[in-house]
1. Write down the radius of gyration of the stretch 53-93 and its Dmax, each obtained from C-alpha positions, in Å.
2. How far is it, in nm, from the label point at LEU17 to the one at VAL2 when both lie 7 Å from their Cα along the line to the Cβ?
3. Could you line up CYS46, CYS84, CYS64 from fewest to most neighbouring Cβ atoms inside 10 Å?
4. Rounded to the nearest 0.05, what FRET efficiency do ASP29 and TYR71 give with R0 = 25 Å and r taken as the Cβ-Cβ distance? Could you check?
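Just so it is clear, none of the values below were taken in a lab; they were calculated from the coordinates. Every value quoted in this text rests on a predicted model; they were computed, and no experiment measured them. Because the Cβ atoms are built from the backbone with ideal geometry, glycine has one as well, and the counts that use them run over all protein chains shown.
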Amino acid sequence: MVSLIPNQSLKEELGPLSITIPNLLNTLDFYEEGVYANECTRDWWCPWPIHRVDVPQQANQGDCGMFVLKYIELLSAEIPLATCTSQNMPFFG
């Protein structure tokens with residue numbers, strides 16, 4: 001729930017991951033030769049930017065896990081997140 005975590009706290013908590021994950025991917029040779037985000041070179045990886053996106057929010061305290069799972073499913077299928085609403089949770093469960 002966006003209202004529970006201020007943007008600054010979110011950036012502080014996710015900051016280490018924004019550095020660790022691209023570093024790990026670079027170490028594992030995940031990136032193709034010459035294809036790097038933010039004009040980075042193979043010898044130096046760049047931290048991923050942290051952005052809060054506007055997504056549908058749950059209306060209660062109990063649907064957070066279902067919302068996360070549905071977001072993953074919808075994003076992987078390239079379906080708009082707007083279909084994930086509190087009213088639809090009984091249908092998804």
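1. Considering the stretch 53-93 through its Cα atoms, Rg and Dmax are 9.4, 26 Å.
2. Between LEU17 and VAL2, the simple spin-label model gives 1.8 nm.
3. CYS64, CYS46, CYS84
4. 0.30
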